[in-house]
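First comes the structure, then the notes that go with it.
The values are calculated or read from the model by the stated rules, or taken from the named source; none is laboratory data. This is a predicted model, so every value here is computed, not measured. A quick note on method: Cβ atoms are made from the backbone with ideal geometry, for glycine too, and the neighbour counts reach across all protein chains shown.
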Amino acid sequence: MKEEIVAGTFVSRPNRFISYVSIGGEVERCHMPNPGRMWELLYEGTKIWLRKNQNPKRKTKWDVVGIERDGVPILLDTQYNNDIAVWLITHHLIPGWEEWNLIRREVTVGDSRFDLLLQKGDEPFYVEVKSCTLFGKEGAMFPDAVTDRGRKHIMELAQMHRQGIHTGVLFLVHWNRAQWFLPDYHTDSAFAAAFQEASQYLDWKAFSLSWDSTFTHPEPGHVLTYPEYILKRENHDCGDYMVIMEMEEEKTLSIGSKGLMTFPKGWYVYVGSAKKNLAARLARHQRKRKKMHWHIDYLRQHCNVTAVIPIRTADDLEHDLAQAVASIAGWAIPGFGCTDCNCNSHLYGFSENPVHVKSFMDVVEEFRINRLTPFLNTHR
């Protein structure tokens, strides 16, 4: 990256493509060249790197380049991600792909467009490139938000393979500590299922990179392992979940047989589980019009759901999850949602949106990603 890189601190992100960043004491409106959700990275006060936009017609003077996590620079610019894929391939730095040469970028096949066309001898090789910025201590996952487009690409590449065409995917993982990779079945179960089916046909890699604050060229890392047995075990329509709701003002409400309960103003995290039909359960919690059954049904009439966070698993983690959230929450509503267990509560309050609170997202990371690493250790 030739342009001068400037450091600032992250303030907020009102939509997918705009972020506010403090640069030299002034808050600037900046372009965010990454449509991912990135809840695990974008915390107020976090160090962020930018470059000045050279186009005078643009409404934003700055483009976000990267962000810091645990003292490590992480690339966020998805367009530059594709440039780096080209650099890695042209310098023959991807293990197993050393003999392939770049022919051109942005190749149209039928109704779809793929990022790269490679060639070895007379054989073409169509490659889709993905940027992975969702990771835990050792694991990396993609995507961090539902991607119908990504699922479509995976299915089309697999179909092209069945027609005798060489196809693949390159996931660039911008975290040199990552050791293993899985599709994020918690966030996008359909993409994960499509990837699991297609992976046997595709020539694909998840490859780690290490960046410094110049964001010139990364240090190539290694190909990550793919513990497919975890996907087979965990990616089903069951598990645990958290529903995040906002209460705009303090209210005293009648909650079924519990009677009157007072809810201070703020955000609430409800912890629950579904041994089957997890997706339907989450959809039900988001609706207001329904027959009143659970405690959350009564509360839902008076607050807005701002996020749902499923944790797909074959294990029973509900009470461990509730205890983890309780340890970081500002308060709890005693007796709410826990009539069938020994927990004090399954509803916890926060003074700000918990998806912007690092301690809460650390809990999400622990239950979605980090707890899986011991499964790998037992299979080594």
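Within the range 231-246, can one find any residue that is free of Cβ contacts under 8 Å to residues at least 40 places away in the same chain, over 24 Å from Ala85 (Cβ atoms) and either surrounded by fewer than 18 Cβ atoms within 10 Å (Cβ to Cβ) or small (Gly, Ala, Ser) (or both)? Lay out the reasoning, then the answer.
The first filter runs over the range 231-246 and keeps only residues free of Cβ contacts under 8 Å to residues at least 40 places away in the same chain, leaving 232.
If we keep only those that are over 24 Å from Ala85 (Cβ atoms) as well, we get 232.
Next cut, either surrounded by fewer than 18 Cβ atoms within 10 Å (Cβ to Cβ) or small (Gly, Ala, Ser) (or both) only: 232.
Yes; the residues of the range 231-246 include at least one that is free of Cβ contacts under 8 Å to residues at least 40 places away in the same chain, over 24 Å from Ala85 (Cβ atoms) and either surrounded by fewer than 18 Cβ atoms within 10 Å (Cβ to Cβ) or small (Gly, Ala, Ser) (or both).
For Thr167, indicate whether it is among the polar types (S, T, N, Q), surrounded by 15 or more Cβ atoms within 10 Å (Cβ to Cβ) and assigned to a strand (DSSP E or B). Judged against the criteria, Thr167 is a match.
One line per residue, one yes/no per condition, for (1) surrounded by 16 or more Cβ atoms within 10 Å (Cβ to Cβ); (2) in the same structural domain as Thr90 (by TED's automatic domain parsing); (3) over 20 Å from the mean Cα position of the chain (by Cα):
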residue	(1), (2), (3)
Tyr126	yes, yes, yes
Thr133	yes, yes, no
Glu138	yes, yes, no
Pro143	yes, yes, no
Lys152	no, yes, no
Gln159	no, yes, yes
Gln163	no, yes, yes
Tyr185	yes, yes, no
Lys205	yes, yes, no
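Candidates are the residues of the range 21-50 that are part of a loop (DSSP other than H, G, I, E, B) and aromatic (Phe, Trp, Tyr); the one that is farthest from Met361 (Cα to Cα) is Tyr43.
Residues considered: Ser19, Ser12. Of these, the only one that is in contact (Cβ under 8 Å) with a residue 24 or more places away in the chain, closer than 23 Å to Trp175 by Cβ and either buried (at least 16 other Cβ atoms within 10 Å of the Cβ) or in contact with a helix residue (DSSP H, G or I) (Cβ under 9 Å, 6 or more places away or on another chain) (or both) is Ser19. Determine if the range 186-198 includes at least one residue that is more than 27 Å from Leu93 (Cβ to Cβ), among the charged types (D, E, K, R) and not in a loop (DSSP other than H, G, I, E, B). Looking for residues that are more than 27 Å from Leu93 (Cβ to Cβ), among the charged types (D, E, K, R) and not in a loop (DSSP other than H, G, I, E, B), one finds at least one in the range 186-198, hence yes. Restricted to strands (runs of 3 or more DSSP E) entirely inside the range 51-156, those with at least 2 residues that are farther than 26 Å from Ile230 by Cα and either out of contact with any Leu (no Cβ under 8 Å at 6 or more places or on another chain) or in contact (Cβ under 8 Å) with a residue 40 or more places away in the chain (or both) are 62-69, 72-75, 101-109, 112-120, 123-132.
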